[in-house]
Amino acid sequence: MMAPVLKVTDLKKAYGAIQAVGGVSFEVMPGEIFGVIGPNGSGKTTMFNSVLGQISPDAGAIELNGKNITGLSPLELSRRGVGRTFQTLQVFGKMTVRDNLIVAAQEHTGSMFGRMFAPPDSGLGAKADALIDQFRIRHVADSLANTLSYGQQKLVDIAMAFMAEPDLVLLDEPCAGVNPSLVGGISTLLKDLNRTRKGSFVVIEHNMDFVMDLCHRIMVMVEGRVLAIGTPAEIRANKEVLDAYLGN
Ligand SMILES: Nc1ncnc2c1ncn2[C@@H]1O[C@H](COP(=O)(O)OP(=O)(O)OP(=O)(O)O)[C@@H](O)[C@H]1O
């Protein structure tokens, strides 16, 4: 039987009296695109940030490829093959698209010296160019990021997460703020990355059509707990999910 890439067991995190995450368990399999949905305040971001080492959970275990990674720093996780995107853009506006990608990979190595003194390319240019082509942003590769549309910047932001060739990428609302006409393109792109780069993705997203189209399995969170985990068809047919999610 295949072992999970990510295994989260009974994760808990409270903020004072608010139990943001109240005992969440799930597994993400190799090559799987795993969606996380739920009403506002259901604990998705808190769960994400716990997995990514951004906050310390109160209890629970997080394993990456069978190794305990609970409490490791974001940089250490990045070195172990975990990438992420944020809800808000992380691109450097005054750098070109290509340089943004190169810096993203240097961040991964944690090389301050490299970041400050290395020639702009640092041997990472070929990797950046491959992603620029895969993301179809060749025409803006030498433009400053702040001259791009929000949707294009979002693509650069996602591409940055893939520079370190991660095994597991956590994407926090990749469609947030993106023009609806571009949402289908992001879905196609993520499917393409999943197929060609063989990584596993965990995707938080409020856009239900996007999640249903993209994800192999979906976890529904409500009030810090897991209400259901299943295929898009199973989630669509689950009455409890419809009540909890659409009732919000
Ligand atoms: N730093 C914090 N301090 C206090 N309470 C917090 C903090 N972060 C989250 N919470 C609370 O924890 C609960 C879960 O929040 P969380 O952001 O994880 O939910 P979410 O499902 O990601 O929501 P959204 O879909 O709106 O992003 C909410 O009640 C929220 O107000």
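The values are calculated or read from the model by the stated rules, or taken from the named source; none is laboratory data. All values derive from a computational prediction rather than experimental measurement. So basically every Cβ, Gly included, is an ideal-geometry build from the backbone, and we count neighbours across all protein chains shown.
Restricting to segment 33-89, give me the number of residues that are closer than 26 Å to A105 by Cα and either within 14 Å of the ligand (Cβ to nearest atom) or not in a loop (DSSP other than H, G, I, E, B) (or both).
32
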Exercise for review: Please tell me if V241 is in a loop (DSSP other than H, G, I, E, B), crowded, with 18+ Cβ neighbours inside 10 Å and at pLDDT below 95.
Suggested key: no
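Go over the candidates G83, G35, G60 one by one and state the one that is touching a Leu at 6+ places or on another chain (Cβ under 9 Å) and under 20 Å from A128 (Cα atoms).
On the way: G35 fails: under 20 Å from A128 (Cα atoms); G60 fails: under 20 Å from A128 (Cα atoms).
Of G83, G35, G60, the one residue that is touching a Leu at 6+ places or on another chain (Cβ under 9 Å) and under 20 Å from A128 (Cα atoms) is G83.
Could you tell me how many of the residues in segment 3-28 are hydrophobic (A, V, I, L, M, F, W, C), in contact (Cβ under 8 Å) with a residue 40 or more places away in the chain and either exposed (fewer than 14 other Cβ atoms within 10 Å of the Cβ) or farther than 18 Å from V202 by Cα (or both)?
Final tally of qualifying residues: 3.
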**Study point:** Answer from S56, S73, S25, S42 - the residue that is of a type in the set (S, T, Y) and either within 15 Å of K7 (Cα to Cα) or outside the structural domain of A244 (by TED's automatic domain parsing) (or both)
**Key:** S25
Study note, to complete from the structure: Considering residues that are in contact with a Leu (Cβ under 8 Å, 6 or more places away or on another chain) and within 16 Å of the ligand (Cβ to nearest atom), the number found within segment 1-25 is 3
Exercise for review: Examine segment 214-236 for a residue that is within 17 Å of the chain's Cα centre (by Cα), assigned by TED's automatic domain parsing to the domain that holds A3 and assigned to a helix (DSSP H, G or I), and state whether such a residue exists.
Suggested key: yes
Review point. Just for segment 191-213: of the residues that are buried (at least 16 other Cβ atoms within 10 Å of the Cβ) and outside any helix (DSSP H, G or I), which one is nearest to the ligand (Cβ to nearest atom)?
Key: I204
